[in-house]
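The values are calculated or read from the model by the stated rules, or taken from the named source; none is laboratory data. Model, not experiment: these values are computed from the prediction. Counting neighbours? That spans all protein chains shown, and the Cβs are built from the backbone with ideal geometry, glycine included.
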Amino acid sequence: MQVLLQVLTLFLLMLCGFFAKKTRMMGNEAFSALNKLVLNFAQPALILSSMQQSASPGLIRDLAWVFVLACVFMSLTGTAAFLLFRREAAPRRSVLTSMAMVSNCGFMGFPVITAALGEEALIYAVIYVAAFQLICWTLGAYVFGGRRAMRPVELFKNPSLLAVLVGLVLFLTGWRLPSFVNDGLSMMGSVTTPVAMFVIGSNLVGLTPAHLSDRPMLTSCGLRLIAAPLMILLLRLTPLGSPVINSLYLCTAMPCAALTAMMAELYHADSALASRGVAVSTALSMVTVPLLLLLI
């Protein structure tokens with residue numbers, strides 16, 4: 001019950017963002033600036049801070065499993081969605097597939113995992129995000145535009161992924177940044193949770209009941225929010241430890257990735273559908289995530 005209350009607190013932060021945008025207390029430029037603050041500074045700082053811990057053989061093995069399994073499950077979900085929506089027009093099919101395949105594992109996943117599993121579990125989510133970036137700019141890009149659209153070079157332009165790579169060096173070598181640097185990273189990283197949830201809430205302002213009439217979009221949301229995380233629970237039949245399974249489970253249970261809307265714009269797909277899908281899945285996650293937490 002305590003974990004559930006902590007996650008509900010995060011959703012209250014989302015409602016604050018919704019209220020600020022709805023009442024026009026803050027405009028699009030302000031929310032855009034906050035979004036950049038999280039993506040370019042707060043989240044990378046949180047990643048670097050969380051990865052400076054002892055690299056025991058067991059933890060290294062668990063993190064490797066998280067990376068491999070995250071790639072496998074995202075690929076399986078994407079393949080299933082692509083086949084399910086094969087009769088849709090190409091601009092819609094690519095968006096619906098991406099919505100089902102990748103989750104908002106960093107922007108929303110970090111706060112939820114920290115609240116539900118504790119800060120020590122954040123390193124698992126960090127590795128999941130590395131897998132997410134790999135899948136997005138390879139298989140995800142392929143879904144939007146075929147082989148020519150694949151852009152692995154984009155991986156090295158992402159501040160969070162660069163932070164993961166630097167963090168892995170620190171993690172595996174045992175090197176540590178100076179204490180004053182880590183203090184700064186900790187202060188900046190602490191901004192991630194409240195600001196990220198605040199910004200996510202602002203994205204719900206444009207929702208209307210009419211958005212719920214698109215059945216394929218709702219089906220994709222169902223795959224993302226319910227089917228995909230429940231599939232992760234099959235790992236309980238394996239010898240994998242609960243930190244690995246629970247981290248994969250919660251990262252997978254997050255709503256559709258905001259990157260889907262960005263890629264829809266980039267590859268000239270149905271960007272309006274992508275924006276609606278991200279918003280609808282985020283709103284629905286306020287119901288599904290608390291319910292899925294009961295299964296941990």
Exercise. Based on what the data block shows, is Ala80 touching a helix residue (DSSP H, G or I) at 6+ places or on another chain (Cβ under 8 Å) and buried (at least 24 other Cβ atoms within 10 Å of the Cβ)?
Worked result: no
For this session: Working only within segment 157-202, note down all residues that are part of a helix (DSSP H, G or I), touching a helix residue (DSSP H, G or I) at 6+ places or on another chain (Cβ under 7 Å) and of a type in the set (S, T, N, Q).
Result: Ser160, Asn182, Ser186, Thr192, Thr193, Ser202
For this session: Would you be able to tell me the number of residues in segment 187-198 that are surrounded by fewer than 18 Cβ atoms within 10 Å (Cβ to Cβ), over 16 Å from Ala33 (Cα atoms) and within 18 Å of the chain's Cα centre (by Cα)?
Result: 1
For this session: Would you mind stating whether Phe31 is closer than 18 Å to Leu207 by Cβ, buried (at least 16 other Cβ atoms within 10 Å of the Cβ) and aromatic (Phe, Trp, Tyr)?
Result: yes
Exercise. If the Cβ limit is 9 Å and pairs must be 6+ apart or interchain, which residue in segment 213-224 that is modelled with pLDDT under 95 pairs with which residue that is assigned to a loop (DSSP other than H, G, I, E, B) and crowded, with 24+ Cβ neighbours inside 10 Å?
Worked result: none
For this session: Take segment 174-186 and flag every residue that is hydrophobic (A, V, I, L, M, F, W, C) and touching a residue at least 40 places away in the same chain (Cβ under 8 Å).
Result: Leu177, Leu185
Problem set entry | Of all residues in segment 153-186 being of a type in the set (S, T, N, Q) and within 23 Å of the chain's Cα centre (by Cα), the one that is farthest from Ala141 (Cα to Cα) | Ser186
Seminar exercise, completed: When every residue in segment 96-112 that is part of a helix (DSSP H, G or I) and out of contact with any Phe, Trp or Tyr (no Cβ under 8 Å at 6 or more places or on another chain) is compared, the one surrounded by the most Cβ atoms within 10 Å (Cβ to Cβ) is Met99
For this session: Run down Ala20, Ala30 and say which single residue is in a helix (DSSP H, G or I), farther than 25 Å from Phe132 by Cα and free of Cβ contacts under 8 Å to residues at least 60 places away in the same chain.
Result: Ala30
Exercise. Would you call Leu273 of a type outside the set (Asp, Glu), in contact (Cβ under 8 Å) with a residue 12 or more places away in the chain and touching an Asp or Glu at 6+ places or on another chain (Cβ under 8 Å)?
Worked result: yes
Exercise. Looking at segment 240-282, which of the residues that are within 20 Å of Arg61 (Cα to Cα), part of a helix (DSSP H, G or I) and of a type outside the set (S, T, N, Q) is modelled with the lowest pLDDT?
Worked result: Pro243
